[in-house]
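K.L.:
I am attaching a structure below and will ask some questions about it afterwards.
Rule-based calculations on the coordinates, nothing more; no lab input. It should be emphasised that the depicted structure is a prediction, and the values quoted were computed from it without experimental measurement. Cβ placement follows ideal geometry from the backbone for every residue including glycine, while neighbour counts extend to all protein chains displayed.
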Amino acid sequence: MRTIAELEAIARERMEPAHYDYYAGGAGEEATLRANEEEFRRRVLVPRALRGVGKRDLTVEVSGSTMSMPILVCPTAFHRLAHSDGELATAQATAEAGTVFVCSMASTTAVEDVAKVADVFWFQLYPQSDREFTEAVISRAENASARALVVTVDSAVHGRRERDHRHAFHDLPPGLAAENMRDATGRVRDIEMPADLTWDDLAWLRETTKMPVLLKGVLHPEDARRAVAAGIDGLVVSNHGGRQLDGAISSLAALPEIVSVVDGQVPLILDGGVRSGADVVKALALGADAVGVGRPVLWGLAAAGQEGVAEVLERLREETDTALGLCGARTPGELTADLVR
Ligand SMILES: Cc1cc2nc3c(=O)[nH]c(=O)nc-3n(C[C@H](O)[C@H](O)[C@H](O)COP(=O)(O)O)c2cc1C
Ligand SMILES: CCCCC(=O)C(=O)O
């Protein structure tokens, strides 16, 4: 089984440089991109011994979806830039791993097609200024049996990504499109970054769907408090993989304060910089219910299609199982904050 770093090296060889850089890169000087991984290195585990960990059970349930391990696949755009099988390969490998695939609004495969191969999947939304269109997209996801709606709130404007400017990467190659952005006439709309969105719009969003609604991209504890008060069903503590506000706090550093204000009222997912089972265990010990992985899955996809995604997810599962056992825990729920310094 190859390491994530090995798969990334293969992906880099195989991909167009502009596409590799779109995946790998972040905003500005990429300080936040680096900080996400660095914060995991800065924190260390202080394991417990003699706990009789037996056979571990990694299963968790988050927002009504059962996952065979506390790791889900983050929404990431344009999988057909990585591999011709695109989101179908990612969704199928994720379903076979028994966990949740979050389908991006900017997916190059229609949500209805993802639904054919994904058992349990969620849908990520950038609310558009045209409410009717936004409602139509939500209905498509709901009718395709998405189990939750993940509303991304860290993207009022587009982060400035120097690598994309350098390559003048602004458009998908011919033949690829954001398939969830087709309107009734079949025309593909551009995705707007929702600059005018406010808390008032959330009440409306909440009413447009029966799916649980999670907010993705929350970093400030006051926003977490407000989201819970607004009846939001879950939060993703995330800085969008360092692609939006460069200089933002790393997601792991942001987690403890959010855990403290949320106080178990809604589930918390953390994404950004998770690259190993020890990272998963650190995030869970500090209070996340599950983590999301973005780029590692894209490297697996680009390197080896569905098989590559499966390899990444199985490696993370094995490593998480090992780290959990070595910390003296049998289940994710047994991990506590005192294990991390
Ligand atoms: C290439 C790429 C595309 C992304 N596209 C989306 C997207 O369409 N919607 C979204 O909410 N987040 C998007 N993200 C952010 C991820 O959901 C996630 O927050 C981030 O990748 C986690 O960090 P990691 O890559 O270090 O695991 C994207 C990230 C990458 C790397
Ligand atoms: C317009 C698609 C946005 C995809 C995205 O969120 C990202 O590249 O980080």
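K.L.:
Consider residue 145 against the criteria (1) touching a Lys or Arg at 6+ places or on another chain (Cβ under 8 Å); (2) assigned to a loop (DSSP other than H, G, I, E, B); (3) away from ligand 2 (no atom under 14 Å from the Cβ): it satisfies all of them except one. Which criterion is unmet?
P.N.:
Only one criterion in (1) touching a Lys or Arg at 6+ places or on another chain (Cβ under 8 Å); (2) assigned to a loop (DSSP other than H, G, I, E, B); (3) away from ligand 2 (no atom under 14 Å from the Cβ) is unmet by residue 145, namely (1).
K.L.:
A further question follows. Restricting to the stretch 291-312, and then to whatever is buried (at least 24 other Cβ atoms within 10 Å of the Cβ) and more than 13 Å from ligand 1 (Cβ to nearest atom), can you tell me which residue is farthest from residue 103 (Cα to Cα)?
P.N.:
The extreme case among them is 303.
K.L.:
Continuing with this model, one more query. Collect the residues in the stretch 279-290 that are within 15 Å of ligand 1 (Cβ to nearest atom) and among the hydrophobic types (A, V, I, L, M, F, W, C), keeping them in residue-number order.
P.N.:
280, 283, 288, 290
K.L.:
Being assigned to a helix (DSSP H, G or I) and touching a helix residue (DSSP H, G or I) at 6+ places or on another chain (Cβ under 6 Å) is true for just one of 283, 304, 310. Which residue is that?
P.N.:
310
K.L.:
If you go through the stretch 256-290, how many residues are crowded, with 21+ Cβ neighbours inside 10 Å, among the acidic types (Asp, Glu) and either on the phi > 0 side of the Ramachandran plot or touching a Cys at 6+ places or on another chain (Cβ under 8 Å) (or both)?
P.N.:
Total meeting the criteria: 1.
K.L.:
Could you please tell me which pairs satisfy a Cβ distance under 6 Å, a separation of 6+ or placement on different chains, a first residue in the stretch 163-186 that is more than 23 Å from residue 103 (Cα to Cα), and a second residue that is part of a loop (DSSP other than H, G, I, E, B)?
P.N.:
Once the first residue is more than 23 Å from residue 103 (Cα to Cα) and sits in the stretch 163-186, its partners that are part of a loop (DSSP other than H, G, I, E, B) give 163/25.
K.L.:
Return yes when residue 120 is within 16 Å of ligand 2 (Cβ to nearest atom) and under 24 Å from residue 240 (Cβ atoms) and no when it is not.
P.N.:
It is false that residue 120 is within 16 Å of ligand 2 (Cβ to nearest atom) and under 24 Å from residue 240 (Cβ atoms).
K.L.:
I need the full set of residues from the stretch 119-136 which are within 30 Å of residue 98 (Cβ to Cβ) and in contact with a strand residue (DSSP E or B) (Cβ under 7 Å, 6 or more places away or on another chain), in order please.
P.N.:
Matches in the stretch 119-136: 120, 121, 122, 123, 124, 125, 126.
K.L.:
So how many residues does the stretch 55-96 have that are in a strand (DSSP E or B), buried (at least 21 other Cβ atoms within 10 Å of the Cβ) and either within 16 Å of ligand 1 (Cβ to nearest atom) or of a type in the set (Ser, Thr, Tyr) (or both)?
P.N.:
4
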